[in-house]
Amino acid sequence: MSAQDRSISCTVCHHHCRLSEGQIGFCRARKCHAGRILPENYGHITSIAVDPVEKKPLAEWHPGCSVLSVGSYGCNMRCPFCQNWQISQMGREDVGWRKVSPAELIALGLCARRKDPRMVGLAFTYNEPLVGWEYVRDCAMLAHERGLEAVLVSNGCVNTEVIDQVAPLIDAANIDLKSFSAAYYHMCAGDLDLVKRAITRFAKEKGCHLEVTTLIVPHMNDTPEEISKIAAWLASVDSQIVLHITRFFPRWKLKGQQATAVQQIKDLAAVAHHYLSHVYTGNC
Ligand code: SF4
């Protein structure tokens, strides 16, 4: 039997990477090991910091509080404007990381809460947390047992089975809706339909507060028509969904590009306001 014949498919996202023993997926986070595809980045923490919830961004969930934010490496999208590319686009060998088990992470969270009672929980963020969704699941379950809450900041671009596993464990989520164009998502190696399904699923999850972020990149997704489509669709899911219209800064493959003009962000937020009651501007 050839190595190709022995390969197996990852079911986490739309890439359906077919991997042979030892091979790493497109996201650089999952690996075929002993006939199974496992999250190689499980507990490999590249970044950890106590952040205000407003920085996630979450505008209407525990305002004035903070969360212990953690990230690993790896992502299943390739947005040329990635604002966190130094870790999201890297693999195990390219970045510094340290192993933090779920129990250790909860202990760090409890320690941070003892110092400041406004520290309400953990946030899985910075890279794409759901390419290593098992760590999110294990930490969120343990966090709840110890009275900590769980926040997810995600591109939402994973299969429904993964969202179904994670959503009931999440207290607040911020999901990107980068565009309302399938071609735009294709350019970013993502899948618009999966993201729409994820947003719909989180919106329906009782006990999970949902906010959505659209990063406005000049000349790519910055028309009033595009924002109208996004806001109208969100309103059709739930008119109470919070939307953040945020400003792009030059990064990674678009580092020669101008930052989005502040006035344009304000104008596009006003467009979104025609459909949604809760719209915020970000990075202005
Ligand atoms: S999660 Fe990673 S390994 Fe799995 S299909 Fe997506 S990109 Fe490929």
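Nothing in this text is a laboratory measurement; each read-out follows from the coordinates by a stated rule. Everything numeric in this text was worked out from a predicted model, so none of it was measured. All Cβ positions, glycine included, derive from the backbone under ideal geometry; neighbour counts span all protein chains shown.
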Practice prompt. Give me the percent of DSSP beta bridges within the chain that run antiparallel, rounded to the nearest 5.
Written response: 35
Discussion item. Here is the link list: K31/K204; K55/K99; K31/K229; K31/K178. Which ones come out longer than 29 Å on Cα distance?
Written reply: K31/K204; K31/K229
Item to complete: Just tell me which aspartates and glutamates come within less than 19 Å, Cα to Cα, of K115; anything on the same chain fewer than 8 places away is out.
Response: D51, E104, E149
Worksheet item: Can you list the aspartates and glutamates whose alpha carbon is less than 20 Å from that of K266, not counting same-chain residues fewer than 8 positions off?
Response: E54, E60, D176, E211, D222, E225, E226
Worksheet item: Straight-line reach from K206: which aspartates and glutamates have Cα under 14 Å away, leaving out those fewer than 8 places along the same chain?
Response: D164, D171, D238
Discussion item. Place a point 7 Å from Cα of A270 in the direction of its Cβ. Which residues in the range 211-238 have their backbone N less than 16 Å from it?
Written reply: 223-225, 227-228
Practice prompt. Report the GluC sites (Glu not before Pro) located in the range 12-97 that are in a DSSP loop and have at most 15 other Cβ atoms inside 10 Å of their Cβ, or state none.
Written response: E21, E60, E93
Worksheet item: For the chain, what is the calculated [θ] at 222 nm in deg cm²/dmol (nearest 500), taking -39500 (n - 2.57) for each run of four or more DSSP H residues and dividing by its residue count?
Response: -8500 deg cm²/dmol
Worksheet item: Using the 10 angstrom Cβ neighbour count as an exposure proxy, how do I227, I8 rank, fewest first?
Response: I8, I227
Response to the item:
Once the mean of 1/r over all distinct C-alpha pairs in the range 133-176 is inverted, the Kirkwood radius in Å reads 10.6
Practice prompt. Enumerate the whole-percent occupancy of each 10 Å bin, from 0 to the last occupied one, for all C-alpha pair distances of the range 1-123.
Written response: 13, 32, 32, 17, 5, 1
Worksheet item: With the Cα gyration tensor of the chain giving a ≥ b ≥ c as the square roots of its eigenvalues, does the rule (a/c under 1.5 for rounded; else a/b larger than b/c for prolate; else oblate) give rounded, prolate or oblate?
Response: oblate
Discussion item. Could you list S47, S101 so that the one with the fewest beta carbons within 10 Å of its beta carbon is first and the one with the most is last?
Written reply: S101, S47
Discussion item. Test of the criteria: in the range 4-63, which trypsin sites (Lys or Arg not before Pro) are in a DSSP loop and have at most 13 other Cβ atoms within 10 angstrom of their Cβ?
Written reply: R6
Worksheet item: By its C-alpha gyration tensor, with a ≥ b ≥ c as the square roots of the eigenvalues, how is the range 54-122 shaped: rounded for a/c under 1.5, else prolate for a/b larger than b/c, else oblate?
Response: oblate
Item to complete: Could you compute the FRET efficiency for I8 and K253, with r as their C-beta to C-beta distance and R0 at 51 Å, rounded to 0.05?
Response: 0.95
Worksheet item: When only DSSP loop residues count, what trypsin sites (Lys or Arg not before Pro) in the range 98-198 have their Cβ near at most 16 other Cβ atoms within 10 Å?
Response: R118, R146
Worksheet item: Toward the positive end of the charge dipole of the range 40-282, about the Cα centre and with charges on Cβ (Lys, Arg +1; Asp, Glu -1), which of A140, M90, M77 goes farthest?
Response: M90
